[in-house]
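Below is one structure; the comments refer to it alone.
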Amino acid sequence: MTLLSVEDLHTHFVSRSLDNEVRVARALNGVGFSLERGRILGLVGETGAGKSLTALSIMGLLRPPARIVAGRIAFEGQDLVSLPPERLNALRGDRLALIVQNPRASLDPLARIGEQLARAHRAHRRVDAAAARRRAVEMLAAVGLPDPERRARAWPHELSGGMAQRVLIAMALINEPQLVIADEPTTGLDVTVQAQILDLIQGMVRARGLGAIVITHDLGVVAHYCDDVAVMYAGGIVEQGATRDVLSRPRHPYTINLVDSTPERLVIGSGRVFGGAPPNLFALPEGCHYRLRCPRADAACAVPPPWSGAAGGHLARCHRPEAP
């Protein structure tokens, strides 16, 4: 069953230059994908590809000069783009949850951990303070923090980075949301803690029938934890499908380069680093946005490429994709 459907999403940054000229950065350009219950979707791509902006657009957390100019975001059958702010606020933290990558900046330094979790719970549930505190301790235990009663009384500065990240996960899951978006949830954590946190997210998705989007640069994380993957470039999706298909048989030249430039392949000598830089979002090239970096680009690439592949399967947006 489809939980989330993003259709032809366009998010722009509209500003004015010093000489009062209107400038538009086309940060998202026709992004579209769907997420089924019980599945995890990985969003990958270089820095600036639009991964985090896609998450913020879904959550309704854009701030000027960013705004959605076209598209539809259907969550549980309702369009989040046209939803009144008060109704969207009621969904965030309840049915929709976002796990950000910087726990230190996201936790209130002047409130104890249990108090912050209880506050998040009471914002969406009609429970008394004692019940909210019990729920906070329960969630700290669920995310694997040792001695959850003690951690609930702790201040944010008393926790390690891994513990603080687990607190954010507990806060995101405390109201049992249906959609969890994790934006680089393990950045800066050691490998052991990374695995523990990702195992936790995957286990909850499977056990509770949630849907999750994991934003990451790490293709190893995607290969191990994500059922499906969407590859982003210059604000658009260039390839998507089942993770095993996309990573083992990439069809778009950009995805091929991403896979070839992973540390694992570079170490064993089978990979290579590709050059160039993403295009200027204020002046995107006509046609395929990747063509200025693509080794196989030709005159046809001056026209926007079509999707290649069977609907709902392994798709690539390229004039000359690799065979599936």
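Every number in this text was worked out from the coordinates using simple rules, so none of it is lab data. Note that the structure is predicted; figures quoted are calculated from it, not measured. Cβ sites come from the backbone with ideal geometry, for glycine too, and all protein chains shown count toward neighbours.
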Study note, to complete from the structure: Here D for segment 1-137, in µm²/s, from Stokes-Einstein with a Kirkwood Rh over Cα pairs at 20 °C and 1.002 mPa s, works out to 124
Practice item. Between beta-carbons, use under 12 Å as the cut-off and find the net charge around Ala323, counting Lys and Arg +1, Asp and Glu -1. Key: +2
Study note, to complete from the structure: For segment 97-127 the trypsin sites (Lys or Arg not before Pro) that pass both the DSSP coil test and the at-most-12 other-Cβ-within-10 Å test are Arg126
Review point. Cα axis of helix 161-173 to longest principal axis of the chain: angle in degrees, 0 to 90, nearest 10?
Key: 90
Check your understanding: Under the definition of Cα pairs under 8 Å and six or more residues apart, what whole-number percent is the relative contact order of the chain?
Key -> 20
Review point. How much of the DSSP beta bridge set in the chain is antiparallel, as a percent to the nearest 5?
Key: 65
**Study point:** FRET E, pair Arg67, Leu18, Förster distance 25 Å, beta-carbon r, rounded to 0.05
**Key:** 0.70
**Study point:** Fraction of alpha-carbon pairs over 37 Å apart in the chain - percent
**Key:** 20
**Study point:** Relative packing of 23-31, 283-291, which averages over residues the other C-beta atoms within 10 Å, highest first
**Key:** 23-31, 283-291
Study note, to complete from the structure: Ranked output for segments 168-176, 1-9, 85-93, 233-241 by mean other Cβ atoms within 10 Å, highest leading, reads 233-241, 168-176, 1-9, 85-93
Study note, to complete from the structure: Working note, segment 102-176: Cα radius of gyration (Å, one decimal) and Dmax (Å, whole number) are 10.9, 32
**Study point:** Two-decimal Rg to Rh for segment 148-268 - Kirkwood Rh, Cα set
**Key:** 1.02
**Study point:** Peptides 298-307, 155-164 ordered by average Cβ neighbours within 10 Å, highest first
**Key:** 155-164, 298-307
